[in-house]
Amino acid sequence: NAYLEQELDRRCRLFRLWEAPPEPDRRAEFLRANASSIRAVVPYAAHGVDAAMLDALPRLEIVASYSVGIDRVDLAACRARGVRVTNTPDVLTDDVADLAVGLAIAVLRKIPQADRYVRAGLWKSKGDFTLTTRFSGKRVGIIGLGRIGLAVAKRVEAFDCPINYYQRTKQEYPNYTYYPSVIELATNSDVLVVACPLNEHTRHIVNREVMEALGPKGALINIGRGPHVDEAEIVAALVDGRLGGAGLDVFEDEPNVPEALLSLDNVVLVPHVGSGTHETRKAMADLVLGNLEAHVSGKPLLTQVV
Ligand code: 8YV
């Protein structure tokens with residue numbers, strides 16, 4: 001993010017800052033060249049900060065993640081070494097929730113496919129596009145009713161969608177129906193949205209059984225992390241028709257996307273763009289910078305995790 005880079009250079013000269021480059025050889029070179037001077041790292045969602053990196057940076061004081069998800073930051077290792085951790089919650093909630101609804105409508109109404117149909121001249125040569133599926137009024141199941149999950153629920157209420165949810169601990173929401181398992185949630189939903197954090201409990205939380213419970217008319221929307229979904233299983237279920245459709249913003253091995261998905265007519269694929277608007281990325285950058293400046297000046301961090 002150009003704004004983040006520019007502002008980090010301008011406002012945080014005290015810190016030798018760098019992102020954790022994803023390529024192992026480049027990362028190793030960064031560690032060797034800068035180990036004695038790095039006091040802060042600013043990883044993106046795709047980057048990891050593990051115990052080995054922490055050990056290679058003896059002067060590291062803070063990990064200010066440019067993301068709300070910090071599943072690739074070893075929090076226990078940071079805590080054990082007294083390294084502080086911050087992230088960027090709230091400022092991206094609306095964009096990610098907007099994208100979830102946009103993907104659900106795009107999948108059911110086949111908007112990208114209809115666009116390609118017009119561009120290919122098929123409307124003239126073959127006539128009307130196929131009939132699709134209504135979104136309004138469909139039962140929306142949300143895995144994880146945190147900030148983003150609640151924002152999705154608020155949005156789809158405007159489409160008269162009954163809202164169901166699953167999470168590990170039941171909370172009372174007067175108009176939303178709780179299900180004690182993801183299978184039961186999927187069985188009782190038409191659109192299933194993954195909106196929970198990625199951890200040891202939620203890895204592959206959407207497995208073959210959940211996909212088949214959602215069924216041949218169901219649609220899965222993933223705006224969380226790729227590993228929330230068993231990717232091999234979803235490819236097979238979409239190809240076989242055991243799952244009706246999917247809108248995917250995240251994948252298990254980004255930026256690589258399973259080849260079999262690229263030719264399917266019942267999926268909408270976007271490249272991890274949930275928070276990717278000018279407004280949100282500037283707000284995220286300002287939150288990263290605000291945390292770093294608070295750290296340097298001994299003030300309370302703005303969004304502290306560790
Ligand atoms: C990142 C994300 O914001 O915030 C997250 O957890 O998944 C992403 O939207 C983006 O990749 C920049 O790190």
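The values are calculated or read from the model by the stated rules, or taken from the named source; none is laboratory data. None of the values given here were measured: they were computed from a predicted structure. All Cβ positions, glycine included, derive from the backbone under ideal geometry; neighbour counts span all protein chains shown. The area values use the complete protein model at the heavy-atom level, side chains included, leaving out ligands, DNA and RNA. Shrake-Rupley method; radii C 1.70, N 1.55, O 1.52, S 1.80 Å.
Sort the chain into rounded, prolate or oblate with this rule: let a ≥ b ≥ c be the square roots of the eigenvalues of the Cα gyration tensor; rounded if a/c is under 1.5, and if a/c is not under 1.5, prolate when a/b is larger than b/c, oblate otherwise. Cα axes put the chain in the prolate bin.
All other residues whose Cβ lies under 9 angstrom from that of V68 are scored, Lys and Arg at +1 and Asp and Glu at -1, for a net of 0. In the calculated pair-distance distribution of the stretch 219-306, the portion above 20 angstrom amounts to 50 percent of the Cα-Cα pairs. Its relative contact order, with pairs defined as Cα atoms under 8 Å and 6+ residues apart, puts the stretch 133-203 at 41 percent. Checking every one of the GluC sites (Glu not before Pro) in the stretch 122-223 against DSSP loop status and a limit of 15 other Cβ atoms within 10 Å picks out E172, E200. What is the percent carbon and sulfur in the accessible area of the chain, measuring with a 1.4 Å probe over the protein chains and ignoring ligands? So the carbon and sulfur contribution to the accessible surface is 52 percent.
Considering only V267, V73, V140, the Gaussian network model of the chain with Cα springs below 10 Å gives its largest mean-square fluctuation to V73.
Give the relative contact order (percent, whole number) for the chain; include only Cα pairs under 8 Å separated by 6+ residues.
With pairs under 8 Å counted, the relative contact order is 18 percent.
Applying 1/(1 + (r/R0)^6) with R0 = 51 Å to the Cβ-Cβ distance of Q304 and K126 gives a FRET efficiency near 0.35. Using a probe of 1.4 angstrom and keeping all protein chains present, the accessible surface of the stretch 33-96 works out to 37 square angstrom per residue. Taking Cβ atoms as reference points and 13 Å as the exclusive limit, the residues near A100 contribute a net charge of -1, counting Lys and Arg as +1 and Asp and Glu as -1. The residues neighbouring K126, those whose beta-carbon lies less than 14 Å from its own, together hold a net charge of +2 under the Lys/Arg +1, Asp/Glu -1 convention. Karplus-derived 3J(HN,Hα) values for the stretch 61-67, using 6.51 cos²θ - 1.76 cosθ + 1.60 with θ = phi - 60°, are 10, 8, 10, 9, 6, 8, 5 Hz; glycine and proline are entered as x. Rounded, prolate or oblate: which one fits the stretch 124-210, using the alpha carbon gyration tensor with axes a ≥ b ≥ c (rounded when a/c is under 1.5, else prolate when a/b beats b/c, else oblate)? Since a/c reaches 1.5 and a/b is larger than b/c, the shape of the stretch 124-210 is classed as prolate.
Classify the stretch 1-117 as rounded, prolate or oblate, taking a ≥ b ≥ c as the square roots of the eigenvalues of its Cα gyration tensor: rounded when a/c is under 1.5, otherwise prolate if a/b is larger than b/c and oblate if not.
Numbers: a/c = 2.33, a/b = 2.24, b/c = 1.04.
Note, shape of the stretch 1-117 comes out prolate.
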